[in-house]
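Some notes on the structure that comes next.
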Amino acid sequence: MRILAVFIAIFGIVHAICWSGDFVVAPNGSDSNPGSAAAPFLTIQKAAQVMKPGDTCHIRAGTYRETVIPARSGQPGAPIVFRAYPNEEPVISGADPIGGWASHKDKIYKAPMPWTRNTAERKAGMDQVFVDGEMVPEARWPNIQVSPAAISRQDLARAEAGAILKPGAKGGDLAASRYTTKALKDFAPDFWKGGFIFFVPGALWCGVTGDVTGSTSDSVSFTYPWLSPGDFYETREKDFFFLWGKLEALDSPGEWFRDANGVLHLWPPKGNDPRGHLVEAKKRDLCFDLRGRSHIVLDGLKLFAGGIETDEQSTHILLDGIEARYVGHALWYSGWWSLATDTCIKLRGADSEIRNSFVAGAAGHGIDLQGARGKAVNNIVLDAGYVTNGNNINVRAEDARVEQNTLRGTGNQTCLELSHSPRAKALYNDISHSGRLILDEAAVWVARDTDGQNAEIAYNLIHDTHAHDDGKQYYGNGGIYLEGRVRNFVVHHNVMWRIAGQAICLPAVEGEQSGLQIYNNSTDAPFNVLKPQGIVLKNNVFASFQFDKVPGGDLSSNATWKKRQGSVPFVKDPGFMDAEAFDFRLRPGSPLIDQGTPIPPYTDGFAGAAPDIGAYEAGRPPFVAGAVLATRHLASLRLEYQGHPTASTVFTLAGLPPERKLPADFKLKIGAHEPGGTVGFEKGKWQVRGVPFKGEPGPQTVSAQIGDGKPVALKRVEGDAGAAANGASARPRPAARLRDPALRAKWEQRLRARVREEIAAGRPPRFKLVSFGETARILALDPQGAMKLRLDQGGHLDHRWPTLRTADLAELAASLATDADPASCALAAFFVLLDGQAARGEQYLSKAGPGQEAVAGAFEQEGEAAQP
């Protein structure tokens with residue numbers, strides 16, 4: 001019966017993708033095939049060349065090292081769709097593997113890398129290297145212990161003194177400067193000559209790259225593009241910098257250097273042989289080039305080491321459920337308003353959207369939203385601007401909508417920019433950790449001369465800005481910053497904490513500001529307006545105000561709670577739930593309850609006689625900001641609970657995608673009862689209580705849904721009490737725990753012998769290398785375990801048998817199994833069961849003949865006590 005169910009499920013998937021408008025791409029395909037499920041294409045580009053409006057390309061698991069350029073656009077109602085094959089995770093990569101490793105010296109290895117992304121104009125810092133899918137740093141000083149995508153000022157050296165040796169006559173001219181620091185004492189004279197410097201000068205507003213012209217045991221001299229005269233940009237004491245560009249600087253695990261002869265030198269992160277790891281280097285900027293194309297959908301795809309390019313003609317682009325890591329890279333940076341690279345997830349055409357997606361690692365922007373009516377909804381965007389200028393989400397588009405996103409970490413001052421974006425809405429976002437490298441401005445920033453036309457910034461959590469504000473030469477990093485001559489914005493119901501500067505700042509240094517409405521915000525930071533004229537501020541609670549009059553405006557129904565300011569009401573205890581934990585909800589009896597002023601529509605639905613002061617209305621559930629679970633994620637959830645489900649059951653949820661919360665309209669459903677329940681987050685776990693149920697307890701299916709969406713049945717976590725009552729099989733079967741751990745080595749010896757037999761017979765095994773996301777053939781395997789692999793997507797990989805994971809061994813053994821060879825099925829059964837794939841392992845076990853007893857006897861049975 002179980003086999004029949006599996007057959008029906010597989011047949012349903014295959015049948016669903018076998019009509020004339022569907023194509024399949026797989027690592028074992030060929031571009032001379034018709035692109036069917038039975039005979040798939042090898043490359044996505046082949047499908048992109050033949051697809052017509054309404055067609056869908058289903059992409060099977062594997063790594064596709066290519067830039068996909070569709071030959072044509074879709075049409076309204078008939079888009080061209082590139083979609084992950086059901087329950088599989090294909091990767092489109094801008095990187096190629098590095099092989100041919102040999103020892104260089106000590107723990108440093110070397111291998112040919114015949115390509116570079118450096119150019120005459122950008123002569124260094126453009127290459128990018130990865131080990132096992134993680135970016136590793138080009139050899140530098142000081143060494144860093146964090147990802148290069150997450151560096152902050154604390155990871156850089158700091159000058160004890162700085163001097164301008166030769167200023168430029170105008171911006172862009174070559175200037176010369178020198179930094180002095182005793183931290184350079186261990187370097188020989190001119191050690192760094194010919195290398196490069198990245199530095200953040202003056203008021204720490206921007207980063208710059210320069211050429212090192214000389215160094216001593218306590219100084220480094222360099223040339224660079226002149227920014228501008230004045231203290232803001234001068235090289236001086238307390239500036240931050242790092243040095244790179246010398247092979248001799250390769251002195252710690254995880255660092256690399258590519259020399260002028262095209263040789264990559266690497267000290268692997270764990271100090272071991274790189275042949276046991278997947279080492280890759282960026283070769284292509286883009287995973288998808290959609291310029292000039294419209295009505296294109298990318299669904300469920302993973303992108304690595306590359307971005308998505310579009311232009312103004314790229315309208316109606318939809319990116320749903322993509323995972324994009326390391327979308328754009330550069331270290332060479334001319335400074336100030338420029339970007340080190342504009343390669344990112346770029347949506348420049350109208351009516352385009354990215355939703356339910358994950359983007360991480362960008363030297364510039366993470367997402368660039370420039371098309372009218374563009375949307376970024378329910379995304380996670382991490383670690384942008386790691387060369388200072390670059391936002392997690394950059395918006396320059398009318399009627400844009402940025403909603404329910406988690407934006408965390410940028411070297412830039414700003415996570416979210418809304419400049420020149422009339423009628424934009426930034427709602428329900430969780431925004432944090434801006435200003436890692438440079439100061440000033442704020443986590444949310446709007447450039448001067450922007451007419452918002454009632455643009456809205458509301459229901460956001462803004463916190464943990466990385467900056468210092470000494471009131472003299474450094475200006476901190478605020479929460480929300482509306483530059484001079486910015487007008488017609490509504491800022492309401494935002495919560496801000498741990499802000500290294502002003503929670504909201506309206507500087508108006510140049511010209512007047514008008515049409516600014518600031519309502520119902522809560523924070524433990526101050527509020528500053530340099531020219532408070534014509535501004536409406538109501539129902540806010542700030543740590544302090546730096547003014548108490550607004551000529552031509554309104555400053556009623558506000559409160560401060562840390563510092564008095566003139567006539568603004570001061571409350572020593574505002575009655576927050578827990579101010580020290582930044583929980584600004586109001587306790588019963590808070591002096592802020594019912595003390596606000598009604599402001600339709602922004603305070604509609606208040607609970608008492610009048611709105612409360614602050615962002616949270618007492619007696620109402622708090623809003624949920626940041627990325628949340630989407631319907632596409634429900635199938636991954638697991639439930640933990642005791643006994644049979646009833647209205648009193650407390651359900652604990654597991655399996656949430658990282659960084660995502662439960663949405664406010666999340667519900668559970670027991671059997672055929674009404675969906676419902678109260679969601680809470682307790683002790684690091686999401687729980688649901690009070691799910692509707694009437695009647696006698698018994699085995700019930702528990703489903704989850706979002707809003708009025710379709711319920712999805714959830715699995716119960718294995719091993720929880722009552723699992724048998726919910727229909728789990730009680731038949732003892734092999735588990736993933738061996739009776740004797742030494743048995744694994746014996747079975748591995750058998751598998752290695754079988755692999756060598758296949759190679760000697762001219763049948764090199766081809767299997768899915770799960771740990772690398774690649775399909776590969778084993779061309780050679782020596783007695784010491786060194787392997788030579790050929791990757792299906794091109795290139796060779798030096799690997800070692802001891803580094804194969806259990807999942808890799810399971811796939812390798814399964815690839816050798818045939819029904820006519822019971823011994824091969826026994827090998828497959830052993831390793832598949834060891835990997836915890838019980839149902840699949842039983843299938844091989846049933847064909848293992850005399851080997852069944854040996855395999856089954858190797859594992860503890862369910863309910864059997866573990867051997868001491």
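Any read-out appearing in this document is the output of simple, stated calculations on the displayed coordinates, not a laboratory observation. Since this is a predicted model, take the numbers as computed values, not measurements. A quick note on method: Cβ atoms are made from the backbone with ideal geometry, for glycine too, and the neighbour counts reach across all protein chains shown.
Rounded to the nearest 20, the Cβ-based charge dipole of the chain about its Cα centre (Lys and Arg +1, Asp and Glu -1) stands at 1080 debye. Taking label points 7 Å from Cα along the Cα-to-Cβ direction, residue 173 and residue 146 give a separation of 3.7 nm. Between amide H atoms placed 1.01 Å from N, distances below 5 Å from residue 821 occur with no residue 5 or more places distant or on a separate chain. Which entries in the list 667/710; 193/246; 170/193; 107/282; 669/710; 302/788 go over 20 Å, if you measure between the two C-alpha atoms of each? Long pairs (Cα-Cα over 20 Å): 170/193; 107/282; 302/788. A straight chain from residue 261 to residue 30 at 0.36 nm per residue would run longer than the Cα-Cα distance by 79.6 nm. Ranked by the mean number of other Cβ atoms within 10 Å of their residues, highest first, the peptides 367-375, 453-461 come out as 367-375, 453-461.
Report the percentage of all Cα-Cα pairs in the range 474-572 whose separation exceeds 22 Å, rounded to a whole percent. So the portion of pairs separated by more than 22 Å is 19 percent. The relative contact order of the chain, computed from alpha carbon pairs under 8 Å that lie at least 6 residues apart in sequence, is 7 percent. Compared with the rule-of-thumb size 2.2 N^0.38 Å for a compact globular protein, the chain has a Cα radius of gyration ratio of 1.04.
With 10 Å bins beginning at zero, the pair-distance distribution over Cα atoms of the range 734-861 amounts to 13, 46, 32, 8, 0 %. Computed from the C-beta positions of residue 514 and residue 571, the FRET efficiency with R₀ = 45 Å rounds to 0.90. Between residue 38 and residue 188, the modelled labels are 6.9 nm apart [label points 7 Å from Cα along Cα→Cβ]. Note on 58, 492: ascending count of other Cβ atoms within 10 Å places them as 492, 58, the fewest first.
Using R0 = 25 Å, the C-beta based FRET efficiency linking residue 75 and residue 664 works out to 0.10. The length gained by stretching the chain between residue 745 and residue 818 to full extension, at 0.36 nm per residue less their Cα-Cα distance, is 24.0 nm. Our note on the geometry: Cα centres of the range 585-651 and the range 412-459, 25 Å apart. Note on residue 115 and residue 689: their simple-model spin labels are 5.7 nm apart, each label 7 Å out from Cα toward Cβ.
Kindly list the residues of the range 358-396 that lie in the label zone of residue 453, defined by a backbone N under 19 Å from the point 7 Å along the Cα-to-C-beta vector. Counting only backbone N, you get 369-376, 395-396.
Put the Cα centre of the range 696-713 next to the Cα centre of the range 201-259 and the gap is 58 Å. By the count of neighbouring beta-carbon atoms within 10 Å, fewest first, 644, 329, 316 end up ordered 644, 316, 329. When Rg and the Kirkwood Rh are both derived from Cα coordinates, the Rg/Rh ratio for the range 102-281 amounts to 0.99.
Among 106, 583, a tally of other beta-carbon atoms within 10 Å of each Cβ gives an order, fewest to most, of 106, 583.
Calculated mean residue ellipticity at 222 nm for the chain: -3000 deg cm²/dmol, from DSSP H runs with n ≥ 4 weighted as -39500 (n - 2.57), summed, divided by the residue count and rounded to 500. Using the Cβ-Cβ distance between residue 631 and residue 594 with R0 set to 30 Å, the FRET efficiency works out to roughly 0.20.
Remark: the residue 780-residue 854 segment gains 23.7 nm on full extension, using 0.36 nm per residue and subtracting the alpha carbon distance.
Close amide H pairs (under 5 Å, H built 1.01 Å from N) link residue 406 with 379, 380, 381, 430, 627, residues at least 5 positions away or on another chain.
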